[in-house]
Every structure is written in structure tokens, then in C-alpha cells.
Protein chains: 2
Amino acid sequence: MSQLQEIGKRAKQTTQALARASTEAKNQALLLISEALIAEQSAILTANEQDLVNAKEKGISPSVIDRIRLTEARINDISTALQALTTLTDPIGTTLETFTRPNGLKIKKIAVPIGVVGIIYEARPNVTVDAASLCLKTGNAVILRGSSSAIHSNKAIVKVIQQALTDSELPRDSVQLIEDTRRETAEEMFRLNDYLDVLIPRGSKNLIDTVVKKSSVPVLETGAGNCHMYLDESADVEMAIELVINAKTQRPSVCNAIETVILHEDFLHAHGQQLINALKKHGVLLHGDEKAQMVDPSITLASVEDYETEYLDLELAIKTVKSTAEAIAHIHKYGTKHSEAIITNDENQANQFLTEVDAACVYHNASTRFTDGFEFGFGAEIGISTQKLHARGPMGLNALTSTKYLLYGNGQYKH
Amino acid sequence: MSQLQEIGKRAKQTTQALARASTEAKNQALLLISEALIAEQSAILTANEQDLVNAKEKGISPSVIDRIRLTEARINDISTALQALTTLTDPIGTTLETFTRPNGLKIKKIAVPIGVVGIIYEARPNVTVDAASLCLKTGNAVILRGSSSAIHSNKAIVKVIQQALTDSELPRDSVQLIEDTRRETAEEMFRLNDYLDVLIPRGSKNLIDTVVKKSSVPVLETGAGNCHMYLDESADVEMAIELVINAKTQRPSVCNAIETVILHEDFLHAHGQQLINALKKHGVLLHGDEKAQMVDPSITLASVEDYETEYLDLELAIKTVKSTAEAIAHIHKYGTKHSEAIITNDENQANQFLTEVDAACVYHNASTRFTDGFEFGFGAEIGISTQKLHARGPMGLNALTSTKYLLYGNGQYKH
């Protein structure tokens, strides 16, 4: 039995106790972890310092180093988030449906933990606590596999979590870390079907694509967002410009930011220059089609690559269309089914867009930046699913649950 | 572009029209197919005859040949099932949730089609119609990949379906068959992520395991059923024996039949002989542990393999335990998380069993044979999911749906 199988076996052995655990027991464990992270923060920061030194030696980029970095303030935030998690409703045990069959058999569908959740992620050691705590709250065991660049931090954090768990009613092995960060252990994790019920990649598109391609364990895919905002001819101009500016510039590096603005040609001709000026004022580099260039010749010509690209930066493509149908066709071709918006005062155009655009979240007259578990009011977020199965869009605690049918009879064996 | 990619592309091109299609349009298409199958039955039976001749030439087993065989009566049943499907509620467009955020943003979650569904299956040409019709009812495009042993039947059936679709409002390419049944096309289908949203294997454990292991497309897994019935010391003896006989002998070849009966030792000593006699009378071959053998020495000794085996035949293993906890531990070790039952008059034992057993369906005082889409009242069945994600237990039309969030604002970009 390999090291990973041993970890899987230990995780599986905790699932019965975790499924039975009361909401109080789970919340108490989260509070103990919250306290322990503060109490043990010097040990965590020392381990983190070692990761930072190693990262600098390896010439890792400053932005990645910033993701690895922990500070007293960041640990404090992480600890506070754990306390907030205890205030959320526990979905486990909730009755989702009940019905009675003609023969008197009563059928009840309830929410149960998934079982053992695998998380594979990069750099950020805060994901270690975040993922572990969401799994504990929902009665799932978790197997964490972070990157080598944060291994000292992750080991220190999981040590603190496991110590806190020994003081709780939950099993210590509810949270385990794969300490061997060689590629081989990731590959083995992808095929750990005997022990893992689901695998969730958190990080770059490259990581997610690799996991989707190679994993035989079911994957919860949190994909990229090549999001669009379509300004219809009847859009309120001031609202439209405010929303484009917000959706592009408030935080360009996130998946719910827009990457292309689609303009109805009448909007372009009437208000295009005003929009372009506002975007330029916010430092946005623009790539447009020929019609947009005619309005403002300083715009570079957009290529197919521009429409395909998730810039994740202060960069935006412009596409001009003659109709809502053409806007929808562009989105169908280039979108990643994440978040799409129409800005219009015409209800018919809005309805067509909301009905026909195939995406996790489709907006009328609002910014795409609301595609977020916290903005939805879930109080927690596992990620934003761009796949069609199990969960789509922002995933809160419910996404970490499965279901179970309970059937109550009095001797039934006939219809 | 390969032939399969062409098929995938054509399927994807139908998804917008299918998502828009009204319930009436979908039902009309189903009725047209229902009629066409009867009108064209001689062509279908001729093609089927060719499959049967080929199968006999290849020395394929009589039971598989029976699965390939179509008759007028069987086509009639298939046609009638299509009519029944039109009477079911269309889940597409249903509002599942609505909530309003403090900033006035209204969020609505609705049911939408998954998109393109791949079905990979064996022998039975009736699956061709069954799978296609369930997908059409839920606005999904379907790509079918049957086995070479039924290829002539499948081609004839899909020709009839596509002809009927050209007379309907739905696109002809909503239903397509992969006619090339070489192993390579299956392997390519497993990696057709650009066009397939989900892949559903229907058939043997071997087929399902291969798909789960090799597919990078998300899989809806319909697994094997190593199901148990536990007779607690307080069980009503007559009820317990009736339920064991039903769950084992009514149709031994199905996944919701039981493979092991677990007896509390007090039940064994008081009523074991009566149970064993009843099972023998029904021709059931018994394998038991030593305690069971002491009650009836004619029982062969059960090995670990017996407890692991899904007999799918008139064969049953017996395990004796001292407590409900021990019964649960046995199920945890050998069960496939399909259907598990406790027969008891003690509510505490029942609650413990229902809470702690991890399976899609957990029963108190009823036969496991009710784990079935039709028995649940769904009116249709895609299969019985033994996985934890998306759907668990009997899957009706809802399992072929995804969700989409619609967000209605009036300019919101702040919390």
C-alpha cells in the first residue's frame, strides 16, 4: 500500500464519524482551529519564512511570492473567517424532499456529506485552512495536496489543525496533507477512486485542465471566465458605462471580470467614444474590430486571439454587432459559460439574452462581478463551477454535499 | 477534424435550438418518433435480423442474443413508452430558487438542459430509443455509441428517429449515432470534452469501470449493487422472510436485488432455520459463516469472495453479527453504496442504520427492489447512480438537467 493509499484509507475511516458529527461538534472544531492558528502563529510564520527564502532563491516571481506570504494580519483574517463559518447553517441532514408512494412507502431525500474530498492547489497556504474548514463544516474528510513552494507553511498549518482536532470530537485524520509534492503523487491522486469521492482543483487554468484531463476521480471544475458585457442600443448610457468600468477595472485579475464588451452598432455610433474615453481614463488597453477603430483610430485591431483571451488585466476587446442574436452567437463561440451580461432597457432583448445564453450566470443590467459565493450570500465559496454537473456557478457549502434516500416501510415489497 | 468531432460539432450546434424548444415541440417530436417506429418496424426488424444472424455466426451467447433481439411486441412497447414520456412534467425552465440581495439584485436559479449527452452502451437496441427520448424530453442533444453486435438495428432505429425529427420542430442532429464501433472511437469519445458535457455508460460493470477510468468527460456512473438486508433480533419474522425472499428471488439479475443477508445472532438462533428453509424452497444456493452452518450444516462456508460478489443469480451469502453496529461495519466494508435495508421493530436500531449506512437508498422494513426510477414515481429512469456527485440513487429526468442563474438588476455594481 502506497503512502497515498494509506492517507486515503485513514481519510475513509473518518467518514462515518464525520457524517454522524453534530453541527455543534463541527463548529467547536472550527473554533478550536481558529484559536490554534493564532496561538501557533509564530511557528506558522517561521515555516512560511522558509518557503519565502526558498522561493526567492529559486527566482520565483514577486506576484507568486506574495501569494505564498503569510503575515500576522493574514493569519488573523484566516482565523476570523473560521469563526464566521461557524455562523452558517449546516446543510447536512436537511430534508430536501419527501413523498409517499401508493403502497405507503415513505421516501425522504436528505443532504449528506460527500465523503472524502481531495483538494489540489497551488502556492497560497491560506487555501489549506479554507478548504479544510469548508470540508469539516460539511462533514467531509479532506486530503490536501498543495505545491512544493508552500510545503513548509502547509505542513505547519496542518499540524496546527490536526492538533486542534485531537482536542475536538472530530477525528484527527479528517484533515490530511500529502507532504510528498512530486508530480507522481498528483498523478496517483488523480486515480485514487477507491478513497476519493471528488477532486477539486484550485488554481491556474493549466492546473485545472490537467486535473480534468487526467483524473478518473470525479472533478468539480472551476474554470476560466472569458466573460462578456453586451450593450444593446436601448441601454441606459450612464449605467452601461458604469457597469463596463466596474466589470473590467474593479479587479481585473479575477474570473468574473469582463474581457470583451460587445456593442450594438447604434450604441457604438451614439456613445462609443464616451465609453472608450472612460475606459482609457481607467488605463484600459483596447482592442477593437474595424467599426470600433472607425470611432477611435487609436484602438488596435482585435484578432481572434483577443476574443479568445482571458486577459485578467486592464485590457479589453471590443466587438460590434447588429443584433442581440449576433451578440449571443459571439458569446456562444468565445465564451467559457461563466458570466455574461446584457445592458438594455428593452425587455424582449433581455429575455432573449437570458434565455439563449448558455452560462452559469446571465445578467440583465448588473455587473458580472457578482458571480461570487459571498456576493450571492452563501457566506462561503468553494469556487465557481463552469461545468454542467452537480453544481454550476458560485459553489457554497451545498456544493460539498451529496444526497441519500431514506425509505420507511412496513413490509412493502409490491408496488 | 475527425468523424467524431464532426458529430460533436453538429450536436453542439443543436443545443441552442433544443434549449429554446417548448415542451409541446419536444412532446410532438417524441410522438412522431413513436409513430415512425411502428410505421417503419419492418425495416427495423430486417436490420435486427442481420444482427441476429451475425451474432449466431460469431457464437454469441443466447442471453446476449436475446438482448439484441427486437420483435413486433418489443417495438410496440418501445413506441408506447415514448407516448408515456410525453405525459411527464418537463423539468426545463422550472424555477428552483429565487432570492434578492440587499442591493436589490434578484437572483433566480432555473433548470436548463445539460447540453450534449454521450451514451455508451452494449447490445440492447432498445437503449437507443430510450436514451434518445429521455435526452430529447429534457432538451439535450445526444450522441449514441452502441456495440457492433447491434449496429444494424441501431442504424435503422436512428434513421427512423432522424427522419421523424425532420418532420418536427427539433433539429435532425439532436440524435446522432457513432456508426464506427471500433474501440478507437470509444477512446476518442472519452476525451471529447469540447463537445460532450457528460458521458453515461449503460451496461456491464466492465464497461462502466472502463469509462470511469478513461474518460476525461464527466461521467454519470451507474454502478453495481452489492446490496444487503439486515434482520435485527426484533424483526417481525414473517415480514423479514417475505422481504428477503422478494429482494433475492423476484429478479435476481438486477442491481437492487440483495446478495447478502446479515442476521443478528438471536434472529439466527430463533428463526434462522425457517428463513433458510424458505430460501431453499425458492432454489437459492446459500453460503454462510460458521454460525449459519451450525444451524444448517448443508450451507457451504462463505469466503471473503462471497461477501464481495454481486451474484446476480439465485445465490446468497449469510453473515451473522452481534449488533447493528457490526452489521453496518460489514456493509461499510463490502457494500457498493447502492441499496441497504434493515428489518426491525426497534426504532433506535432503525435510526442508527439509516443514519450511519452510506448508500444511495437505505430502507427500513421494505424490499431493496424499490430502488428504481419507476418505483420512485419518476416515470422514467436514466439509471441508478452510485456516485456522490450530481445525482444519487434512481435518476429521473431531473438528472439530465443542469442549472443556470439569472440575475436581474437595475445598474448594480456595489454590494
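Among the residues of segment A:32-52, not a single one is over 22 Å from residue A:154 (Cβ atoms), free of Cβ contacts under 8 Å to residues at least 12 places away in the same chain and assigned to a helix (DSSP H, G or I).
Filtering A:65, A:120 for residues that are under 30 Å from residue A:45 (Cα atoms) and more than 21 Å from the chain's Cα centre (by Cα) leaves a single hit, A:65. All of B:52, B:37, B:70 fail the test of being among the hydrophobic types (A, V, I, L, M, F, W, C) and under 23 Å from the mean Cα position of the chain (by Cα), apart from B:70. Applying the condition of being modelled with pLDDT of 95 or more and at positive phi to segment A:84-126 and asking which residue is surrounded by the fewest Cβ atoms within 10 Å (Cβ to Cβ) yields A:104.
Taking segment B:346-397 and the strands (runs of 3 or more DSSP E) fully enclosed by it, the elements with 3 or more residues that are within 16 Å of residue B:335 (Cβ to Cβ) are at B:361-366. Put simply, of B:245, B:208 the only residue that is within 30 Å of residue A:187 (Cα to Cα) and of a type in the set (A, V, I, L, M) is B:208.
Only residues that are assigned to a helix (DSSP H, G or I), buried (at least 20 other Cβ atoms within 10 Å of the Cβ) and within 14 Å of chain A (Cβ to nearest Cβ) were counted across segment B:242-278, and they come to 5. Output yes when any residue across segment A:385-393 is out of contact with any helix residue (DSSP H, G or I) (no Cβ under 8 Å at 6 or more places or on another chain), buried (at least 19 other Cβ atoms within 10 Å of the Cβ), touching a residue at least 60 places away in the same chain (Cβ under 8 Å) and closer than 26 Å to residue B:117 by Cα, and no when none is. So far as segment A:385-393 goes, yes, one or more of its residues are out of contact with any helix residue (DSSP H, G or I) (no Cβ under 8 Å at 6 or more places or on another chain), buried (at least 19 other Cβ atoms within 10 Å of the Cβ), touching a residue at least 60 places away in the same chain (Cβ under 8 Å) and closer than 26 Å to residue B:117 by Cα. Looking only at residues of segment A:95-112 that are within 9 Å of chain B (Cβ to nearest Cβ) and under 30 Å from residue A:212 (Cα atoms), we find that the one that is nearest to the chain's Cα centre (by Cα) is A:112.
Residues that are free of Cβ contacts under 8 Å to residues at least 60 places away in the same chain, closer than 16 Å to residue B:240 by Cα and among the hydroxyl-bearing types (Ser, Thr, Tyr) within segment B:274-328 comprise just one, B:320. For segment B:329-375, a residue qualifies if it is within 7 Å of another protein chain (Cβ to nearest Cβ), in contact (Cβ under 8 Å) with a residue 12 or more places away in the chain and among the β-branched types (Val, Ile, Thr), and exactly one does: B:362. Among the residues examined, residue B:211 qualifies as of a type in the set (Val, Ile, Thr), within 30 Å of residue B:1 (Cα to Cα) and touching a residue at least 24 places away in the same chain (Cβ under 8 Å). Can you find a residue that is more than 22 Å from residue A:389 (Cα to Cα), at pLDDT 95 or above and more than 14 Å from chain A (Cβ to nearest Cβ) anywhere in segment B:127-139? Within segment B:127-139, one or more residues are more than 22 Å from residue A:389 (Cα to Cα), at pLDDT 95 or above and more than 14 Å from chain A (Cβ to nearest Cβ).
A count restricted to segment A:1-17 and to residues that are of a type in the set (Gly, Ala, Ser), within 14 Å of chain B (Cβ to nearest Cβ) and surrounded by 18 or more Cβ atoms within 10 Å (Cβ to Cβ) stands at 1. Of all residues in segment B:398-415, those satisfying the criterion of being in a strand (DSSP E or B) and either touching a residue at least 12 places away in the same chain (Cβ under 8 Å) or more than 7 Å from chain A (Cβ to nearest Cβ) (or both) are B:401, B:402, B:403, B:404, B:405, B:406, B:407, B:408, B:409, B:410, B:412.
Do we find that residue B:186 is touching a helix residue (DSSP H, G or I) at 6+ places or on another chain (Cβ under 7 Å) and either outside the structural domain of residue B:255 (by TED's automatic domain parsing) or surrounded by 16 or more Cβ atoms within 10 Å (Cβ to Cβ) (or both) in this structure? Taking the combined requirement at face value, the residue does not satisfy it.
In segment A:247-273, the qualifying residues are those that are touching a helix residue (DSSP H, G or I) at 6+ places or on another chain (Cβ under 7 Å) and free of Cβ contacts under 8 Å to residues at least 60 places away in the same chain, and the one that is nearest to residue A:359 (Cα to Cα) is A:261. Residue pairs whose Cβ atoms lie under 7 Å apart, sitting 6 or more positions apart in sequence or on different chains, and linking a residue in segment B:141-152 that is among the hydroxyl-bearing types (Ser, Thr, Tyr) to a partner that is not in a helix (DSSP H, G or I), are B:147/B:122; B:147/B:123; B:147/B:181; B:148/B:181; B:149/B:60; B:149/B:123.
Quick grid of which residues meet (1) at pLDDT below 95; (2) buried (at least 18 other Cβ atoms within 10 Å of the Cβ); (3) assigned by TED's automatic domain parsing to the domain that holds residue A:197:
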residue: A:19; (1), (2), (3): yes, yes, yes
residue: A:24; (1), (2), (3): no, no, yes
residue: A:41; (1), (2), (3): no, yes, yes
residue: A:49; (1), (2), (3): no, no, yes
residue: A:52; (1), (2), (3): no, yes, yes
residue: A:67; (1), (2), (3): yes, yes, yes
residue: A:70; (1), (2), (3): no, yes, yes
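Among the residues of segment A:376-397, those identified as facing another protein chain (nearest Cβ under 9 Å) and in contact with a His (Cβ under 6 Å, 6 or more places away or on another chain) are A:389, A:390.
Residues in segment B:147-173 that are more than 21 Å from residue B:124 (Cβ to Cβ) and either part of a helix (DSSP H, G or I) or in contact with a strand residue (DSSP E or B) (Cβ under 9 Å, 6 or more places away or on another chain) (or both): B:163, B:165, B:166, B:171, B:172, B:173. The set of residues from segment A:307-331 being within 26 Å of the chain's Cα centre (by Cα), under 17 Å from residue A:275 (Cβ atoms) and not in a strand (DSSP E or B) comprises just one member, A:314.
The values are calculated or read from the model by the stated rules, or taken from the named source; none is laboratory data. All values reported here derive from a predicted model rather than from experimental measurement. In this analysis, Cβ positions are derived from the backbone assuming ideal geometry, glycine residues included, and neighbour counts consider all displayed protein chains.
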